[in-house]
Structure formats: C-alpha cells, structure tokens
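Just dropping this structure here.
The values are calculated or read from the model by the stated rules, or taken from the named source; none is laboratory data. Note that the structure is a prediction, hence the values are computed from the model and not measured. Quick reminder, even Gly has a Cβ in these numbers, built from the backbone with ideal geometry, and neighbours come from all protein chains shown.
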Amino acid sequence: MFSLMAFVVGNQVGQYGVNVFLRSVFGGVDDSLITYDGTVSPVKVPDYHCWKPATGAVGLTYSDIPSSCLRDLPPYDVTLQRKGELDWVYSVGFLGDYDTGDDGAGAHAGVDIRAPKGTPVVAMMKGLVVRSTEEPGGFGLYVTVKTANAPDPYHPGKNVTLYTTYAHLSAKNVDEGSIVEKNQILGAVGATGFAVGNHLHVQMNLGIERDGKELAQPAWTFTTDEARDAGLSFSQAVDEGLFQERAYKEQVNPILYAQARHAPSAAVIAQKPAKPKTTVASRRAERLKVRTLNNTTTAVATKQQLQPTVVIAYNDEPVPQVTVDTHPAPVPALPPVKQSSTYSTIELRTDGVQVPRRTWTTVELIFLDENGNRVASPALKSDIYLRAAFGQAEFKPARLSEFDIVNGTAKVQVLGFSPTVLLELKPANIIFDKNPLQFAQ
C-alpha cells in the first residue's frame, strides 16, 4: 500500500505539479499563494527607431529582432490611440471595433497588441492558471490566470479578484493548476484561433458574475444567441458595440491597469508571521506571561490606517477645474416640444448642485432640432451607450433606446467616483467636455 501511494503521489506531483496535487486532496489553492504583488508589461515590442528591418515587418519573428531594440509597451493613451498614433502597437483598443480599432468604438474585449510571432508572453501578475487550453474558432491557444486581492480600480481601498487572459498564442508553457510568478513566461505570440495576423489579445475580467456564472474565463460582452437575436454576425456585433455597457462593469483595460503600477494594499502586505518552534518549557512560560498580563493590564486594539489605492483614469488629459455654485440660479425653462423625429444636437442639463461622490444625481439629455426645439420622438440609428470619457462613474441606465426618451428628454442617474467626470455618448463619440460633472469629496 505504501508503494502504491508513493507511486500515485509521485505521478501526480511530477505530471501536474505540487499545487494540482494539493488541490485534488485539500480542494482549492489558498488565495495567499496568488495574492497581487505588482504588475509588469506582458510583452516587449520592437523599437522601430532603433531597428528598421530591411524587408518590412511582415513575416518577421521574435528571433529576427536585436535584443537591444526591444522595449516595454508604450503608455496606453486613449486620445493617441483613437487618433491612430499608436496603431503600430495597439491595433485594437479596449472595447474597440474591427473597422477603426478605436478605444470605446465597439465591443472588442481587451486590447490587441501587435508583436512578431514567437515573442515571449509573460504573466503581468502573480496568479493561478485556471485555463490553459485551445479554442480553434475563437481565442486559439490561450491561458487565463487568476490573481487574488488585487487593488480594485473602480473602488479605492478595496481588493478584487482578477482573471487575465492571454490569447492567440503560438505555444503555451503552463498547465492548469500551476501557480505562476509575475514575469514568468506563459507562452509565445501567435495567430491561432480567430486571428488575421500575429498579435497578443490580453483581456482582464473582474471576479464578478453574469447570469449566475463567474467570469473566470475570457468572455465577450454578448453571447452568440444575443448577437443572432440582434441579426448580427460576431464581427458586426463587435463593431456595433453590442451590450458594451456590460464591459464597464465586468472588465478592466488590462494595459492601463498594468501601467498604473498599483501597490499592494497594506492589508495584503501584512502577512501572518510564521509560528516559531516551541518546547514544553517555552509554552509554559508563555502561558504564565499571558496570565500575568491579563491580571495587570488591559489590551487596547488600534485600527491600522490603510492607504487607498489609485483609481485608473481612462483619459488623463487635463480637465479644467470648474467651481460649481451650491446655490445656482434657476435652470432656464426647457425649449418647446416639436413633433419631429430628426434631431441635430444633444444638450446635457444638470441642476448645477455639486453632490458628494458615491451619491446618485440626475442629469438630463435633451434632443434638439436645428431651431433649438425639443424633438418629441427622436429616431436613433442605434442605442446610445453612456460612459465616462474622463474619471470614473456609473450610469443608470447605461444604455438608452428610443423608449427611454420622453418628450425629447432622457433622464439618467449618475454615480460619481471621481471629482470630475466627463460624460461621453457612444457610438456618436459625443463628449460633454464643456459641461463636466463635479463631485465633492
């Protein structure tokens, strides 16, 4: 029996790793083993100012590039990415479309990074490999890593579980159940699955549920059935931004998160000290010490002050500081309503009162024709999605249809997490930068 057990244990440990064996025996991996400890860039890319290939970039592999001309990813700047100035590396931005690749223009989950075939892909964060498989018609070869106790980019001071997926790999180096360290090689860039050229698709999901299932593996904002019900193919659904509003609750821009360089929270850093080895005599002396202290003093517990984490701003362009009067003048009356379906502008109206952060406030979107009259029933080419072009906020509803507009007015509730929030409407790319929403501390 001993020999048999030794054989089984040795086989399990050798084939799948210590953590898989322990998980099969004890059930699960302790989150302390996969706790967030910082981030690194997932790949290095060629610096084309340093090295200019004679034959162009087509057909190049990682081995063709001098190591001295490899660099970490450049800063992900939303404005530059939308202008096309970062297309050489970020071919499809966060929630972009396949037509322009612009950040926020569609429902593409994650970010696509151009890189030569064979470029090593490393873990951005420490974690547990929960998926290491192949999906021929979709993500191809991919690896998903779970990281525990990571700083929540949407709720300062809180931690969250993150699932990071690295897809379209040409090869993978890790198996499910293994624990990987930050900067450990997971695989290599490729074009497996639904991919036109060599690139890394990297996607980061929050550890939350949709329809009762945790998003522990790569997921789009819509299902195949939902795209079919909308009369759209997969690519069309991405380009149309189908259910884009889900992504702003379920996902994080992985490159911005990595480049934010969040520090581990104080609660995570404070690990339990290892128990020293004791003897019978030392334990007796410790009990006597405790008994004496209890009879002579009163222990007082002090609360440790935790440092808040940094909130990711998805557009770091300077925003003018606006002083909001707490007793504003009366808001002008609304323009008259005209029975029309064609509108030319959308006006944002607020009551002008500055409310505290994390407090719901109501704003109005007014649909106006060329003469400044409200359009009773504006005809929308597609639903309107609300997001924060600057700062962080939550919207209810986050998606407006024609049924949400009454007499030319749509009322939206806004929950602000930042001092300043710029409201943006998609897919029209309307940013109300002249009327920022201000939230008090």
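Being assigned to a loop (DSSP other than H, G, I, E, B) and either touching a strand residue (DSSP E or B) at 6+ places or on another chain (Cβ under 7 Å) or more than 29 Å from Asp102 (Cβ to Cβ) (or both) is the requirement here; does Val412 meet it?
no
Across the stretch 165-207, which residue is farthest from Arg114 (Cα to Cα) among those that are among the β-branched types (Val, Ile, Thr) and touching a helix residue (DSSP H, G or I) at 6+ places or on another chain (Cβ under 6 Å)?
Our first condition is that a residue be among the β-branched types (Val, Ile, Thr); within the stretch 165-207, this holds for 165, 174, 179-180, 185, 189, 192, 196, 202.
Going one step further and asking which of them are touching a helix residue (DSSP H, G or I) at 6+ places or on another chain (Cβ under 6 Å), we end up with 179, 202.
Values: Ile179: 27, Val202: 11 Å.
If we take residues in the stretch 165-207 being among the β-branched types (Val, Ile, Thr) and touching a helix residue (DSSP H, G or I) at 6+ places or on another chain (Cβ under 6 Å), then Ile179 is farthest from Arg114 (Cα to Cα).
Matching residues to (1) in contact with a helix residue (DSSP H, G or I) (Cβ under 6 Å, 6 or more places away or on another chain); (2) among the charged types (D, E, K, R); (3) part of a strand (DSSP E or B); (4) surrounded by 18 or more Cβ atoms within 10 Å (Cβ to Cβ):
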| position | (1), (2), (3), (4) |
| --- | --- |
| Pro335 | no, no, no, no |
| Ser341 | no, no, no, no |
| Leu348 | no, no, yes, no |
| Val353 | no, no, no, no |
| Arg358 | no, yes, no, no |
| Glu364 | no, yes, yes, no |
| Phe367 | no, no, yes, yes |
| Glu370 | no, yes, no, no |
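State yes or no: is Asp433 outside any strand (DSSP E or B) and touching a Leu at 6+ places or on another chain (Cβ under 9 Å)?
Details: outside any strand (DSSP E or B): yes; touching a Leu at 6+ places or on another chain (Cβ under 9 Å): yes.
Criteria met by Asp433.
Look at Val160 and say whether it is part of a strand (DSSP E or B), touching an Asp or Glu at 6+ places or on another chain (Cβ under 6 Å) and either within 23 Å of Ala393 (Cα to Cα) or free of Cβ contacts under 8 Å to residues at least 12 places away in the same chain (or both).
Details: part of a strand (DSSP E or B): yes; touching an Asp or Glu at 6+ places or on another chain (Cβ under 6 Å): yes; either within 23 Å of Ala393 (Cα to Cα) or free of Cβ contacts under 8 Å to residues at least 12 places away in the same chain (or both): yes.
Yes.
Show the residue pairs meeting these rules: Cβ distance below 8 Å; 6+ apart or different chains; first residue within the stretch 228-243 and free of Cβ contacts under 8 Å to residues at least 24 places away in the same chain and more than 19 Å from Phe139 (Cβ to Cβ); second residue acidic (Asp, Glu) and surrounded by 14 or more Cβ atoms within 10 Å (Cβ to Cβ).
Ala230/Glu240; Leu232/Glu240
Say we look at the stretch 62-80 and pick out the residues that are farther than 22 Å from Val111 by Cβ and out of contact with any Phe, Trp or Tyr (no Cβ under 6 Å at 6 or more places or on another chain); which of these is modelled with the lowest pLDDT? Steps first, please.
Start the filter on the stretch 62-80 by keeping residues that are farther than 22 Å from Val111 by Cβ, which leaves 63-64, 66-69.
Okay, now just the ones that are also out of contact with any Phe, Trp or Tyr (no Cβ under 6 Å at 6 or more places or on another chain), so 63-64, 67-68.
Values: Ser63: 89, Asp64: 86, Ser67: 89, Ser68: 90.
Within the stretch 62-80, the match that is modelled with the lowest pLDDT is Asp64.
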